[in-house]
Every structure is written in C-alpha cells, then in structure tokens.
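The values are calculated or read from the model by the stated rules, or taken from the named source; none is laboratory data. Note that this is a predicted model, so its numbers are computed, not measured. Glycine also receives a Cβ, built like all others from the backbone with ideal geometry; neighbour counts cover every protein chain displayed. Just the protein is used for accessible areas: all its heavy atoms, side chains included, with ligands, DNA and RNA removed. Shrake-Rupley method; radii C 1.70, N 1.55, O 1.52, S 1.80 Å.
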Amino acid sequence: NSLSSVVIPNAVTEINYSAFEDNKLTEVKIPSSVKRIMAFTFNNNELEKVTFDEGVVEVQSAAFSDNRLTHVTFPTSLKTIGANAFGGNYILQFTFKGPIKLEKESLGLMELVNGVFTGWYTDAAFKNKWNHTVNGPLTIYANWKITEVAKKIKIDNLSNQQVKLSNLELGFDY
C-alpha cells in the first residue's frame, strides 16, 4: 500500500479495523464525528503527527502502533485506550486533557537506539514516577536510559529538539 495522505470526512463515526494499515501516512486528523478507532487502523505507517478533535471516545489495541509518533495529546472525550495502541513508536510525551481508562500496556513503546525505556514520569525532570492512573489533566514523560555510548541518534521529527535522557542531554541533529 502506498497511501500517503487521507482526509477523514466529518460524517465518519467509526474507522474500521486495519482501514489504513501498512501505508505511508505521515499525519492524520481525527474529526469530532469519529467516536471509535478500531484495532490496527493506522498500524505500520509513518505517522509523525496525529490530531484528535473532541469527540473520540475509544482507541482500540494497536490502532497507532509502529509509527514515528513522539508527542500525542488526547482529548477530554477519550475514555479508553486499548492495549499497545501506541506501541512501536518513539514516544517522549503523552498529554491527557481529562480522566481516561488505560488497559495494560496501552502506552507500549519502541526501543530507542542506544537506549532502554525506564519508566513514565509526571515531570520533565524525571523525579516523580507516574502511578499509571489518569484522573484529570496530566502530561507524562518517557524516560530513556542510555545503555552504551550514545552515537548520533536520528529520529526525523526530533531534528532540532533537546531531549533529556536520564542524566544525559542529547540534541537530535543530522
């Protein structure tokens, strides 16, 4: 499949299982009419950005897995995220605008080159471990531990950002 862009019409209320799986999508906007995103809907694309309008209630298992997402913000309307819905991404930060139910492994991750995911924190300084509940607005940050001498790490959409990885500050560049 080689679909590189898609516009989801406002009349769509559900995006079916594997509807856009295995394509080349880099960005998607989910309109307010969509209530449910089924399993594997956007799996294995090249998504760097997903935007959710208020209205989405459920994101099922592996719906956005195996992409290039780094930051995701969820609307207050979203109530359930299925297992591994965002697995296989380079997630650094999730922002929840309201309370939400998370299934085990909802926020699955991909291993980073020269790094291992060590946990979620409620602060960018990685001092306060997240207790895996979301009772209201909350941003959580992924902490990565460098396992060997960090070489130049290339993640396309992080080119000019600095990301704190444990006690090591890395700038991503080309």
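List of remarks:
- Checking each residue in the stretch 119-157 for being at pLDDT below 85, within 19 Å of HIS71 (Cβ to Cβ) and either part of a loop (DSSP other than H, G, I, E, B) or open to solvent by 50 Å² or more (accessible area, probe 1.4 Å) (or both) picks out ILE153, LYS154, ILE155, ASP156.
- Checked against (1) farther than 23 Å from LYS101 by Cβ; (2) in contact with a strand residue (DSSP E or B) (Cβ under 9 Å, 6 or more places away or on another chain), HIS71 passes all but condition (1).
- If you go through the stretch 1-17 and keep only what is within 16 Å of ALA62 (Cβ to Cβ) and open to solvent by less than 40 Å² (accessible area, probe 1.4 Å), you end up with just ILE15.
- Residue match in the stretch 77-92 (condition: at pLDDT 95 or above and either among the polar types (S, T, N, Q) or surrounded by 21 or more Cβ atoms within 10 Å (Cβ to Cβ) (or both)): yes
- Here LYS104 fulfils each of the conditions (1) of a type in the set (D, E, K, R); (2) at pLDDT 95 or above; (3) under 24 Å from VAL116 (Cβ atoms) apart from (2).
- Candidate set from the stretch 107-118 (those that are within 14 Å of GLY88 (Cα to Cα) and assigned to a loop (DSSP other than H, G, I, E, B)); member that is modelled with the highest pLDDT: LEU107
- Scanning the stretch 18-30 for residues that are closer than 17 Å to VAL72 by Cα and open to solvent by 10 Å² or more (accessible area, probe 1.4 Å) yields THR26, GLU27, LYS29.
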